[in-house]
Amino acid sequence: MTAKPEVKTFFDEETFTACHIVSDPATGKAAIIDSVLDFDPASGRTSTASAEAIVEYIKTNGLAAEWILETHVHADHLTAAPFLKEKLGGKTAIGSNITLVQNTFGDLFNAEPEFMRDGSQFDALFDDGAEFKLGSIDARVIWTPGHTPACLTYLIGDAAFVGDTLFMPDYGTARCDFPGGDAATLYKSIQKLFALADETRLFMCHDYKAPGRDEYVWETTVKDEREKNIHVGGGKSQSEFVNMRTERDATLAMPRLILPSVQLNMRAGEFPPPDSNGVRYIKLPLNKF
């Protein structure tokens with residue numbers, strides 16, 4: 001019988017991000033997946049209110065943070081991984097293809113020579129099919145690129161955390177027009193998820209309220225996604241999906257926080273080194289996007 005972890009979700013409406021705290025009821029070991037550092041782009045100020053709520057939940061419920069996991073380098077919010085690690089411990093992890101993202105955006109932002117592009121900012125890098133434990137629960141990594149080249153899904157017991165690979169069935173799928181993204185690759189990745197057991201719980205990283213829906217939701221099942229996803233469900237072919245995704249992506253504006261988010265998230269959430277005046281800066285490349 002497949003283990004059933006407990007999942008508590010904190011939803012950040014400012015960035016429409018669902019951060020999941022996954023725990024093993026038998027041992028109290030927990031993983032934090034896709035955390036949020038609060039950021040005001042107008043002032044350049046960060047704050048930790050969202051992350052502090054996670055710390056309080058972990059401590060109040062007697063849990064022990066074993067992992068701080070990222071499904072990919074996010075383009076729509078900053079990760080709070082360094083703050084959470086300082087307060088709770090645990091190992092940070094992401095897919096080993098982070099190096100592709102670091103190389104691409106390291107060049108784009110003309111990162112300092114000391115910026116390492118080998119993923120060493122994280123405690124662990126996961127290859128496709130890698131296995132690990134959350135307490136007594138078996139967990140497995142499924143690479144699901146397409147949105148970015150480094151996206152992955154964490155399958156922990158009967159629950160899969162899919163990052164931006166899928167949205168709720170009534171909202172569809174992630175865009176594929178970021179550097180290294182590819183719609184055909186995303187389609188193939190989604191088929192890996194559709195091959196999981198019908199009853200597997202799927203947890204989204206974002207929700208934007210599909211038209212006609214009043215509440216934010218972030219949990220569904222493989223069966224519902226396979227049958228009802230408006231972009232890729234119901235047996236849609238790869239060519240149908242690629243055509244739809246390509247046309248749709250051409251109409252989308254860039255995410256509001258993509259430039260600050262990628263610069264910090266490719267560093268596992270650490271800020272860039274200070275300039276000679278002691279101030280840390282985020283760069284805005286002009287006319288590149």
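Nothing in this text is a laboratory measurement; each read-out follows from the coordinates by a stated rule. Just so we're clear, the structure is a prediction, and the values are computed from it rather than from any experiment. Note that each Cβ is placed from the backbone with ideal geometry, even for glycine, and that neighbours are counted across all protein chains shown.
Observations
- Within the stretch 265-282, considering residues that are touching a Pro at 6+ places or on another chain (Cβ under 8 Å) and touching a residue at least 24 places away in the same chain (Cβ under 8 Å), the one nearest to Thr92 (Cα to Cα): Ala268
- Within the stretch 132-181, strands (runs of 3 or more DSSP E) holding 2 or more residues that are among the β-branched types (Val, Ile, Thr): 137-143, 152-156
- Candidates Glu247, Glu219, Glu215, Glu240 - the one that is surrounded by 12 or more Cβ atoms within 10 Å (Cβ to Cβ) and out of contact with any Lys or Arg (no Cβ under 7 Å at 6 or more places or on another chain): Glu240
- Filter pass, Thr185 being more than 17 Å from the chain's Cα centre (by Cα), surrounded by fewer than 22 Cβ atoms within 10 Å (Cβ to Cβ) and within 20 Å of Val73 (Cα to Cα): yes
- Flag for Ile98 being touching a residue at least 60 places away in the same chain (Cβ under 8 Å) and under 14 Å from the mean Cα position of the chain (by Cα): yes
- Pair list, Cβ < 6 Å and 6+ apart or interchain, from the stretch 69-89 residues that are aromatic (Phe, Trp, Tyr) to residues that are in a helix (DSSP H, G or I) and surrounded by 24 or more Cβ atoms within 10 Å (Cβ to Cβ): Phe83/Ala51
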